[in-house]
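The values are calculated or read from the model by the stated rules, or taken from the named source; none is laboratory data. Computed from a predicted structure; not experimentally measured. With ideal geometry, Cβ positions are generated from the backbone for all residues, glycine too; neighbour counts draw on all protein chains shown. Protein only, heavy atoms only, side chains kept; ligands, DNA and RNA dropped before computing areas. Shrake-Rupley method; radii C 1.70, N 1.55, O 1.52, S 1.80 Å.
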Amino acid sequence: MTMTNGRTWNEVRAEMESFKDQDFDWKGGRLPSYIYYLDEEMLNIQREAYGLYMVENGLGKGRAFPSLKRMEDEVIRRGLAILGGSEASGGIFTSGGTESILLAVKAARQWARQSGKKKPYKILLSETAHPAFNRAADLMELEVERLPMRDRDFKFDLDLLQTALDDSVIMVVGSAPNYAAGTFDDITGLGEICLKNGLWLHVDACVGGFLAPFARMNGRSIPEFDLSVPGVKSLSADIHKYGFAAKGASLVLFSSAEDKKLAHFALDWSRGTYQSESNQGTRAGGAVAAAYAVMNVLGNDGYRRLADITLGTVDRLTDGIDSIDGLEVIKPFELCIFAYKSVDPGIEINAVADEMGNKGWFIGRSQRPAPSIQMAVNPVHAKICDQYLADLSESVAKVKQLGLRSQFDKNTY
């Protein structure tokens, strides 16, 4: 499009709103991932708080915008409080889980250098760990070895881990939970191995970090996974997921503030010393403000209420899916993510996914531990349970009756 003369905002706004016509109805609960939505009230809090600090730049929080530093410090403090931090701990506010993971990997690499470990450096993780670890390794020229998940529970296989250890390994990763199957790796067991072998253990709690602690407060059985577990040196947790902040908000937390410094960047240049805790230079002040606002409005009681709604919805959906002949929820799963598969040769699960897509549902598909349909449940899904299950039952019946097969490309994420 060639831009000539400017147009009115009303005209441009109407056009932009029309662009959404082909998007899936996330407010109506038609998306199983990507967004974390409660209601219009919470959305307006995010918008207003973000707008209050939309122009301010987090790079200047130390001198130009002490208000941002005040809010960011409080957000980090609250994150440490629910995720096993101590007086010695520290954290960095980041733009998302990928940046949090990049900083954790950088800190582990710097720690290995200071410890006198010899290159090449290697990260060991389960096949279920997030791809961001490979992205970080690619940027930093580290090696990555992914090990097969344990068949019975889809967790990091600690026996395979033990056999894969060698002098090049500097870092081990556990997920809480993993995105593939929704189970928590044995963080306590990983911590013991890492302490014994002098390795950096990172916990990827980007999904569970702001849900699991409150589910535990509500009486749910949640595995130990946070900074209080011996051996854990860093942990990532996204506030823009179950923390319900506006996007662009995550934390990477360190058991030691000294370890946190390993992630920093600093350079003496012509103007003086340039330094940044994160991978960014300019940083969106609005993301910090929205996170601060939401955390203060919800408080622990609000987060506990949302955890109750979320996991109650998981229970309703999984019970309903298990009642549909030919389908089965893949177990175990341990929090908000689950997947279900076909147990009837006459029902191809990807064909069922196609039919659900035809009914207006965005369908998440997974290949392992089995070809399946995956959901990452949040409170917006509470209102769509009955409709989802009814549409799913109709889709299964149609696939079986007509013998439908899918042309789904597994390379489509």
Between a first residue in region 220-232 that is part of a loop (DSSP other than H, G, I, E, B) and a second residue that is polar (S, T, N, Q) and open to solvent by 40 Å² or more (accessible area, probe 1.4 Å), which pairs have beta carbons less than 7 Å apart while being 6 or more apart in sequence or on different chains?
Glu224/Thr188; Val229/Thr188
How about region 268-292: which of its residues are crowded, with 23+ Cβ neighbours inside 10 Å and hydrophobic (A, V, I, L, M, F, W, C)?
Ala287, Val288, Ala289, Ala290, Ala291
Taking region 115-131 and keeping only residues that are of a type in the set (Gly, Ala, Ser) and either open to solvent by 30 Å² or more (accessible area, probe 1.4 Å) or in a strand (DSSP E or B) (or both), one is left with Ser115, Gly116, Ser126
Among the residues of region 138-192, the number that are open to solvent by 50 Å² or more (accessible area, probe 1.4 Å), touching a residue at least 12 places away in the same chain (Cβ under 8 Å) and in a helix (DSSP H, G or I) is 5
Only one residue in Gly79, Gly58, Gly85 is open to solvent by 10 Å² or more (accessible area, probe 1.4 Å) and within 23 Å of the chain's Cα centre (by Cα), so which one is that?
Gly85
Among the residues of region 8-38, write down those that are in contact (Cβ under 8 Å) with a residue 40 or more places away in the chain and among the acidic types (Asp, Glu).
Asp25
Could you please find all residues in region 342-398 being outside any loop (DSSP other than H, G, I, E, B), open to solvent by 10 Å² or more (accessible area, probe 1.4 Å), over 28 Å from Arg152 (Cα atoms) and without any contact (Cβ under 8 Å) to a residue 40 or more places away in the chain?
Gly357, Asn358, Asp386, Gln387, Ala390, Asp391, Glu394, Ala397
Lone unmet requirement of (1) within 15 Å of Thr94 (Cα to Cα); (2) assigned to a strand (DSSP E or B) for Tyr274:
(1)
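Residue-wise test of (1) in contact (Cβ under 8 Å) with a residue 40 or more places away in the chain; (2) assigned to a loop (DSSP other than H, G, I, E, B); (3) among the aliphatic types (A, V, I, L, M).
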{"position": "Tyr50", "(1), (2), (3)": "yes, no, no"}
{"position": "Met71", "(1), (2), (3)": "yes, no, yes"}
{"position": "Ile76", "(1), (2), (3)": "yes, no, yes"}
{"position": "Ala88", "(1), (2), (3)": "yes, yes, yes"}
Whether any residue in region 204-225 is farther than 18 Å from Gln46 by Cβ, of a type in the set (Ser, Thr, Tyr), in contact with a Ser or Thr (Cβ under 9 Å, 6 or more places away or on another chain) and open to solvent by 20 Å² or more (accessible area, probe 1.4 Å) is what I want to check.
no
Can you name the residue in region 354-370 that is under 22 Å from the mean Cα position of the chain (by Cα) and of a type in the set (A, V, I, L, M, F, W, C) and is also nearest to Asp391 (Cα to Cα) among such residues?
Trp361
Among the residues that make up region 322-337, is at least one of them crowded, with 17+ Cβ neighbours inside 10 Å, acidic (Asp, Glu), out of contact with any His (no Cβ under 7 Å at 6 or more places or on another chain) and in a helix (DSSP H, G or I)?
no
May I ask you to list the residues in region 18-39 that are under 19 Å from Asp238 (Cα atoms) and of a type in the set (Gly, Ala, Ser)?
Ser33
